[in-house]
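The values are calculated or read from the model by the stated rules, or taken from the named source; none is laboratory data. Note that the coordinates shown come from a computational prediction; the quantities given were computed from them, not determined experimentally. No Cβ is skipped: glycine too gets one built from the backbone with ideal geometry, and neighbour counts run over all protein chains shown. Each accessible area value is taken on the protein alone, full model and side chains, heavy atoms only, with ligands, DNA and RNA left out. Shrake-Rupley method; radii C 1.70, N 1.55, O 1.52, S 1.80 Å.
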Amino acid sequence: MRPVNPVLSLCSTMGAWAAVALPLVRVAPNRLMSGAPVYWAALIPTWGWLVWLPLILLSFYPSRHSDKRVAAGLTKVFGTRLASAALMVVMSLSMAAMLWLAGSHATTIAHTESMLARTSLGAGFWCLTALIWLVSMDTVKTLTRSDMLRITWLMLVALPSLALIGTGHCDNLSIMKEYTNRSEVFWVATQRHLQIVATAIVPSVMIGLPLAWACAHLAALRKMVFPVLNIIQTIPSIALFGLLMAPLALAATRWHWLGEAGISGVGLAPAVIALVLYNLLPIVRSALAGLEQVPVDAKTAAKAMGMSNWQIFFKVEVPLALPVWLPGLRTAIVQTIGLTAVTALVGAGGLGALMFDGLFSAANELVLLGVLPIVLLAILTDALFTVLSAWIAVSPVGSAPVELMPARSV
């Protein structure tokens, strides 16, 4: 094979195209207009294009796709890990440089034009950020095998950009102005979003685990449960929320104690019930797969010690099934974080309220203010479960977990 790193070469080529063809920022006279595009060429000097030179050189460093003989020869001179670490530094500085250029131009616009003028991040910025992240995720695999260290490296890549935001360099960007104007609402919405997620996950686990245990012991129940859960999973989220509104409103009217408990056709109740229904399929399926892998000898020994069925379930079967069940729980939590945004349509609140406010008022930056935290929460949750699964894989509990099904999209 050729020694060129294919991932870096492809992403560099796409990045060069994005830098030329797509705007880095857009400048609009107010928050409701899309604005005029501003390209890289207008923001950086001629020598600025030399930033691609380190990427071209690093493309010829050995990677996990490279020929072993070529990799061995180059490793003697430079070292694969050293090259990978250098590439991670280049990616980190490149992302920070883009943000610095965008923030500087936004500050210039704020000082020279109307205070109502808005500078928003353009398609070129988002495209290049995604490519930088892809390269970083591929490169970190050559640095270490530890999931914890990989996540640490990726956090370090984002650190300079976060520092720029923290120092106020980007305060004149449109999305930061939206945050400044709605900071109190933003944190209240974030807290509400997390509350909805937690309120949905707890009953999902409490229902899903016993249901998986019952399916493991009753084949007839399994044949009934999974078709129903599969059908629920195919129902669009907005439609399911709507279908729950009328029955819950009727129940609250007939039984006043439900209304006093806060259950009604809108708000938290239909949101949580719908999310629980969506979560049951990944949780029950993964828990059932884990229970089926528990050795019969372990259950027999526990029964011989005098344990009841529930003691065997919680003290023997659940710990041994945990490595297989965790991916299903991760799928449920990640999809709940995303689907919770849609619950704003039934009055549940959360970050989805900001997102839909932006959609209804044609304010793209307000949409991003609601969407980006949801994406960040999903990434952090996935990283947490990756570390937890890796820790359980090397512990005496059992083998490494396997991914059973993809997460449901919003």
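For this structure, a couple of remarks:
- Put a dot 7 Å past the Cα of residue 159, heading toward its Cβ, do the same for residue 293, and the two dots end up 3.5 nm apart.
- A 1.4 Å probe run over segment 140-195, with the rest of the protein chains in place, finds 60 Å² accessible per residue.
- Each of residue 191 and residue 207 was given a label point 7 Å from its Cα along the Cα-to-Cβ line. The distance between the two points is 2.8 nm.
- The packing ranking, built from the mean of other Cβ atoms within 10 Å per residue, places the peptides 91-100, 358-367, 183-192 in the order 91-100, 358-367, 183-192, highest first.
- Atom-type composition of the exposed protein surface of segment 101-207 places 69 percent of the accessible area on carbon and sulfur (1.4 angstrom probe).
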